[in-house]
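The values are calculated or read from the model by the stated rules, or taken from the named source; none is laboratory data. What you see is a predicted model; the values in this text were computed from it and never measured. Note: ideal-geometry Cβ built from the backbone for every residue, glycine included; neighbour counts use all protein chains shown. For accessibility, only protein heavy atoms count, side chains too; no ligands or nucleic acids. Shrake-Rupley method; radii C 1.70, N 1.55, O 1.52, S 1.80 Å.
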Amino acid sequence: PPDTSSPLLSRVSGLMLVMNMDREIRAAKATLDTFIAHGLLQGLGEFIIWINGRNTKVSREFDSYVENYNVKLLGSSENAGQTWPINALIQAASKEYIIFL
């Protein structure tokens, strides 16, 4: 993986909005795996995922990312649309910069 120890990267909160649908969960996990393979997830200051329709089963799908990387899960049991979750993600971000991935 490339060197991702940039001081700037550590000042960035990565944000992702995911729907609780099999296709979207698989795509989100594949994206996270790609970020890991290229060192992006390891270099970011934090990574926050909002899951629309979050439940215990879907949360478990992301356990390894939460346990091994600086990943936090947020969400609602119902579909909250897009605007409200995006605002919640921005408010939860603790770093100086944000990037939606």
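Looking only at segment 48-69, decide whether some residue is part of a helix (DSSP H, G or I), open to solvent by less than 20 Å² (accessible area, probe 1.4 Å) and aliphatic (A, V, I, L, M). The answer is yes, given that some residue of segment 48-69 is part of a helix (DSSP H, G or I), open to solvent by less than 20 Å² (accessible area, probe 1.4 Å) and aliphatic (A, V, I, L, M). Among the numbered conditions (1) outside any helix (DSSP H, G or I); (2) in contact (Cβ under 8 Å) with a residue 40 or more places away in the chain, the only one that residue 90 does not meet is (1). For the condition of a type outside the set (Ser, Thr, Tyr), within 12 Å of the chain's Cα centre (by Cα) and under 23 Å from residue 6 (Cβ atoms), residue 25 does not qualify. In the set (1) within 24 Å of residue 95 (Cβ to Cβ); (2) surrounded by 16 or more Cβ atoms within 10 Å (Cβ to Cβ), the condition left unmet by residue 33 is number (2).
Per the conditions (1) part of a helix (DSSP H, G or I); (2) loosely packed, with under 12 Cβ neighbours inside 10 Å, the sole criterion not satisfied by residue 6 is (1). Within segment 70-87, the residues that satisfy the criterion of being open to solvent by 50 Å² or more (accessible area, probe 1.4 Å) and in a loop (DSSP other than H, G, I, E, B) are 70, 77, 78, 79, 82.
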